[in-house]
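Colleague: Handing you this structure, nothing more for now.
Derivation of every value follows stated rules applied to the coordinates shown; laboratory data play no part. Only a predicted model underlies this, so the values are computations on that prediction, with no experimental measurement involved. Here Cβ is always computed from backbone atoms with ideal geometry, including for glycine, and neighbour counts include all displayed protein chains.
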Amino acid sequence: MRSAAAVLLLVLLASCAYRQPATISRFALTGVVVKVDAARKTAEIKHEDIRNAAGKLWMGAMTMEFPVKDDAGLARLHPGQHIRATVFQDDSDLSYWLGDIQAAAAPAPSP
């Protein structure tokens, strides 16, 4: 009986330790850099609507701060710069960050 309880305890502990692999969602972002904070590894971006690959609205247009994990990508950002990037979201904890950052041409002025 004692060994059965030990096995049961091991099975329960193992099942508690199991974590689902993280699923990362990706969303295309287009915007303008407002501010870069190298010390905090963040960039404030004034962005257009952010939509998923199917075109469904994920976040409306606004100005907000994004964490940037890639030091080289952060170093290339400067205020006033138009960018295209990917917002990555870890679906397990809803944390997000900006990556795949590329300079983009400024939009053409409207007539």
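Colleague: Counting residues in region 22-103 as N, plug N into 2.2 N^0.38 Å and put the Cα Rg over that result.
Modeller: Cα Rg divided by the expected 2.2 N^0.38 Å: 1.02.
Colleague: I would also like to ask the following. Give the lysines reachable from LYS35 as a straight Cα distance under 23 Å; neighbours fewer than 8 places away on the same chain don't count.
Modeller: Reachable lysines: LYS46, LYS69.
Colleague: For region 37-111, which GluC sites (Glu not before Pro) pass both filters: DSSP loop (anything but H, G, I, E, B) and at most 16 other C-beta atoms within 10 Å?
Modeller: Hits after loop and neighbour filter: GLU48.
Colleague: Remind me, relative contact order of region 22-103 in percent, using alpha carbon pairs under 8 angstrom and six or more residues apart?
Modeller: Once normalised by length, the contact order is 35 percent.
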